[in-house]
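Read through the structure below, which is laid out as structure tokens, and then see the notes.
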Amino acid sequence: MSRILVTGSADGLGRAAAASLLSAGHDVVVHARNRERAAGLDALVTRGAHLVVGDFTDRDAVRRIAAELNDAKPLDAVIHNAGVWSGPAVMPVNIIAPYLLTALLRGPRRLVYLSSGSHFGGRPALAGVDWRGESAGSYSDSKLFVTTLAAAVARLRPGVLSNAVDPGWVPTKMGGPHAPDDLELGRQTQEWLASSDEPQALTTGGYWYHRQRQQPHRAVHDEAFQDNLLRTLTEEVGTVL
């Protein structure tokens with residue numbers, strides 16, 4: 001049994017992954033951005049899931065969640081599932097929050113970051129990015145950044161299994177009801193990477209789609225870009241990875 005945090009687990013892929021991991025006997029920590037959203041997780045909490053609440057657009061809330069989790073039983077894995085498609089929250093939620101949690105949480109030996117095929121349209125350019133979300137952010141850029149973060153963590157933390165997952169275009173609130181990919185297949189790869197002892201699941205530095213390792217955007221494994229991204233994020237939030 002592993003203790004696994006699934007961020008953004010009030011609905012969609014996050015909820016599906018959390019429910020499945022709970023059914024498999026794991027100790028699951030679910031997350032919602034506010035108390036209203038958290039009420040929708042009552043069924044999972046009744047089944048034994050633990051709950052943390054905090055808005056990922058608020059850096060202090062992310063730090064508070066990290067402190068709360070560090071004071072509890074150590075985590076074995078984190079699925080960085082929380083994400084937004086458009087608007088000012090894109091950069092704070094899609095890259096700043098995962099970076100802060102990665103830097104602050106003690107103990108997880110497996111990290112899974114939700115990427116997207118949209119990351120191929122991202123620009124490996126950091127100048128002028130609005131990390132605070134005072135204006136609308138680029139979803140494609142944010143997913144390129146978080147996929148690069150996953151690869152950088154894999155390189156710099158050899159004792160940690162760090163991977164990025166493209167779940168496909170699935171019918172969630174974000175993906176819309178007519179999305180062509182399968183929601184069940186969409187959630188399975190992150191669960192597998194977070195909990196399985198199969199040899200492939202014990203690898204690191206991958207970009208995965210439906211349990212198949214794929215080649216990501218060429219910037220993802222560019223060590224100079226990785227280092228520049230980490231340096232920029234460190235300066236932005238004042239916390240070193």
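Couple of notes before you dig in:
- Beta bridge orientation in the chain: antiparallel %, DSSP, nearest 5: 10 percent
- Only protein heavy atoms count here; under a 1.4 Å probe, H80 has an accessible surface of about 10 Å².
- Gap separating the Cα centres of segment 43-64 and segment 65-83, nearest whole Å: 9 Å
- Hull volume in cubic angstrom per residue (convex hull over the Cα atoms of the chain): 115 Å³
- Separation between Cα centres of segment 16-30 and segment 134-153, rounded to whole Å: 26 Å
- Nonlocal amide H pairs with H50, under 5 Å, H built at 1.01 Å: V28, V29, V30
- The trypsin sites (Lys or Arg not before Pro) found in segment 1-95 that occupy coil by DSSP, while having at most 15 further C-beta atoms within 10 Å, are R47.
- Axial C-alpha extent at least 20 Å, average Kyte-Doolittle at least 0.0 - helices from the chain (DSSP): 139-156
- Three-way shape label, segment 1-144, alpha-carbon gyration tensor, a/c 1.5: prolate
- Among the protein heavy atoms of the chain, carbon and sulfur supply 50% of the accessible surface, probe 1.4 Å, non-protein parts ignored.
- A DSSP coil position with no more than 16 other Cβ atoms inside 10 Å describes the following trypsin sites (Lys or Arg not before Pro) in segment 84-160: R106, R109, R132.
- When nucleic acids and ligands are ignored and a 1.4 Å probe is applied, F56 ends up with an accessible area of around 20 Å².
The values are calculated or read from the model by the stated rules, or taken from the named source; none is laboratory data. Only a predicted model underlies this, so the values are computations on that prediction, with no experimental measurement involved. Note that each Cβ is placed from the backbone with ideal geometry, even for glycine, and that neighbours are counted across all protein chains shown. SASA here: full protein model, heavy atoms, side chains in, ligands and nucleic acids out. Shrake-Rupley method; radii C 1.70, N 1.55, O 1.52, S 1.80 Å.
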